[in-house]
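Structure first, commentary second.
All of the numbers you see were taken from the coordinates with simple rules; none came from a lab. What you see is a predicted model; the values in this text were computed from it and never measured. Note: ideal-geometry Cβ built from the backbone for every residue, glycine included; neighbour counts use all protein chains shown.
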Amino acid sequence: MNRSDSSSHDVLREEILADAMRQAERTVRKAEREAKALVAKATDDSVQERHSKLAVAEATAARQRTLTLATVPIEIGRSRATRVEQQLLTLREQVRGQLAARRGGETADTLVRLAAEAVTRMEGDAFVLELSPPDLQDFGASLAAAVQARTGRPQVTLIVSDVPAKIGGGVIVRDPQGRQVWDNSLGARLDRLWPLLRNKIAEHLGRDTRAEPSGEES
């Protein structure tokens, strides 16, 4: 091979190497661009994901705040109802205690009215009246005739038991066999009338609690 041929081969080899280097550089630059694009996309996706999560969290917090505010009137009403109920129970026990501690003192007309009410609502024509110890002592001798006159049933036989009843006041009416018993003692009447009394007292207490100041400075 002469010198001119060798030179031609060297030039060709250099050109091929140079072309290969240019292609390699283009490939590298393309890969770098693609890599940067992927990184940018990943960053954008991460930011968008964070924004999305933040938006969801804010919406959830807003809903929770709305629900919490909606329950405030309910909780206030429940707290007021609980307080009123406690006051009612306390009042009922106080009244019950006062009735249990009574030592009679009923008027004759009160006992006659309570006994007549029971007799007119019971079946039969013979009844036994039971009184508290003080009422038995004060009215035992005259009560039967007075009750008979009040009921307008002269055929009814009424007997006042000589055994005092364990009640604070009022009267218990029963038939001689004990099959019917009408407890018109004051404690029993409190129990029967309590639902009506409770509603009326609760309305009054409810108005009082609603009128109470909140304690906040205006």
Legend entry - Estimated FRET transfer efficiency when R0 is 30 angstrom, pair M122-S142 (beta carbons, to 0.05): 0.90
Inset, instruction - Given the peptides 120-128, 145-153, arrange them by the average over their residues of other C-beta atoms within 10 Å, most packed first. - result: 145-153, 120-128
Legend entry - Sequence-separation-based contact order of the range 110-206, relative, with Cα cut under 8 Å and 6+ spacing, percent: 32
